[in-house]
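The block underneath contains the structure these notes are about, expressed in structure tokens.
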Amino acid sequence: MADRFDLVVIGAGPGGYEAAIEGAENGMRVALVENRELGGTCLNRGCIPTKTILHTAELYHELQSGPSIGLTVRDTAVDMEMVQRRKDEVLEQLRKGIASLMKTNKISVYYGTGVILDREHVKVAPAEEAGDRPDQIILETSHILIATGSVPACPPIPGASLPGVVTSDGLLDKKDMFGHLIIIGGGVIGMEFASVYSSLGHGVTVIEALDRILPTMDKEIAQNLKMIMKKRNVDIHTGAKVEEILQTEDGSGLICRYTEKDKPCEARADGILIATGRRAYTGGLITDESSQEVKDMEMERGRIVTDEKYETSVPGIYAIGDVTGGIQLAHAATAQGRNAVTHMAGRDMAIRTDIVPSCVYTNPEIGCVGISADEAKARGIETVTKKYIMSANGKSILSQQERGFIKVVADSGSHRILGAQMMCARATDMISQFAVAIANGLTLEDMAKVIFPHPTFSEGILEAVR
């Protein structure tokens, strides 16, 4: 006899476990299936471990400038084994928190690979394999939500399987550091690791195929970050195509050969990080045991296709987050999951998923939401842009922050805020103020009515909108 549920969620990342909670809050009996740890990639192999290590790196970097503010610290060093131990403690504490939430909301958690048999049945197979085993469990359900996330995507570079070539997963678990690191890919993941290594005093070379780093963000952000990274001895090459990876003659290091402006080049390092993005993960989800309808579920280049209500081509089966492509951010998946479950419950979807803040945890931090001036121009929207340089901000000066700015894009007629780009301390915390403004149709004048405390980084928002 199969266990009966109203909703079975496959994948316990932020999208999945938050959707499970939303289901429980809507009176559903919910099951959550996960083949690894609670928290998914974000908690265990992504956002949280990266930012935990970044925190250490930033503190170490600040200590190096201690004498200029009257602080003398001798014999500073980084113990990566201790950093890893601290990281694991953070992850364990947060995993326990999620487990407690599941218990409080009476959500049944099953560990194993979720195999969709048909619209109403999910088999929980042992995580190691999806074969026929006596300890398999069948869950019967009215709705299925796929939230299986993504895994690192590695392009077919000759030599990519050599020792010392890693993805973000491998680098996050490394208990020592490469003396010099080559990063293939200048996107968010690549630049965050560049910030870690450079802040800890290690050499970094970044090789990006497109014409600038952080190619999906405002051009000024990319230019500014490149200048700051150059000051920290990060060597950045854009418009560069990687050809192959080789071992050095003595086998002690790696050589990355690439073409830049039609000129053959090479860089040498102790390790290479491949940070060229992530791809949807559907491993074990659909097998020979699945019905033909499930096998025919619409997919496109490995991602699951959904409609505006997050429903797949199979009625009753939904998908959200990285597995559907699009914006690969934990908070986007969370919003989509809550909206999808709200729809299942017959209610209107309340969260605006067209307004998704993007954050990069370099130093200085980067936060963006809405559209940039260039995007507005491409859409034929006439805008006015307000910009405030943070080198005039008192909190930025007293805390020795790098060069930064806040830029606001508004409709030229109504002054309604359309977007914002921030590159400064605490940008990732402050960008939500602009997300709230966009969602509620606020104007520059509306935001300028508010008194901001002094001295704070957030004062820069007031100066920008004024």
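Any read-out appearing in this document is the output of simple, stated calculations on the displayed coordinates, not a laboratory observation. Note that the structure is predicted; figures quoted are calculated from it, not measured. Heads up, the Cβs are rebuilt from the backbone with ideal geometry, glycines too, and the neighbour counts pull from every protein chain shown.
Things worth noting here:
- Fewest neighbouring Cβ atoms within 10 Å first, the residues V384, V465 line up as V384, V465.
- Relative contact order, whole percent, for the range 364-465 stands at 32, derived from Cα pairs under 8 Å and 6 or more residues apart.
- Mean separation of Cα contacts under 8 Å, 6 or more apart, over the residue count of the chain: relative contact order %: 14 percent
- Ranked packing of 35-48, 345-358, most packed first, by mean Cβ within 10 Å: 35-48, 345-358
- For a label point 7 Å along the Cα-to-beta-carbon line of I137, residues of the range 74-111 with backbone N under 16 Å: 99-100, 102-111
- Residues with amide H under 5 Å from that of V314, placed H, sequence gap 5 or more: E298
- Taking the Cα centre of the range 165-276 as reference, the dipole from Cβ charges on Lys and Arg (+1) and Asp and Glu (-1) amounts to some 380 debye.
- The stretch between H55 and E445, if pulled fully straight at 0.36 nm per residue, gains 136.8 nm over its current Cα-Cα span.
- Over the range 165-276, Cα pairs under 8 Å with separation of 6+ residues give a relative contact order of 35 percent.
- Sorted by Cβ density within 10 Å, fewest first, the residues H237, H202: H237, H202
- Crossing angle, helix 427-439 versus the chain [Cα axis fit, 0-90 degrees, rounded to tens]: 60 degrees
- Tilt relative to the chain, helix 188-199 - C-alpha long axis, 0 to 90 degrees, to 10: 50 degrees
- Working note: 222 nm ellipticity from helices only, DSSP H runs with n ≥ 4, each -39,500 (n - 2.57), summed and divided by the residues of the chain, gives -9500 deg cm²/dmol to the nearest 500.
- Computed from backbone phi, the HN-Hα couplings of the range 109-126 come to 9, 10, 9, x, 8, x, 10, 7, 7, 7, 4, 10, 9, 10, 9, 9, 8, x Hz, rounded to whole numbers (Karplus: 6.51 cos²θ - 1.76 cosθ + 1.60, θ = phi - 60°; Gly and Pro given as x).
- 3J(HN,Hα) from dihedral phi, the range 269-276, Karplus parametrisation 6.51/-1.76/1.60, rounded to Hz, x for glycine, proline: 7, 7, x, 10, 9, 8, 10, 9
- Spin-label pair S391/E300, simplified geometry with 7 Å Cα→Cβ offset, distance in nm: 4.5 nm
- In degrees, nearest ten, helix 330-344 long axis to first principal axis of the chain (Cα): 30 degrees
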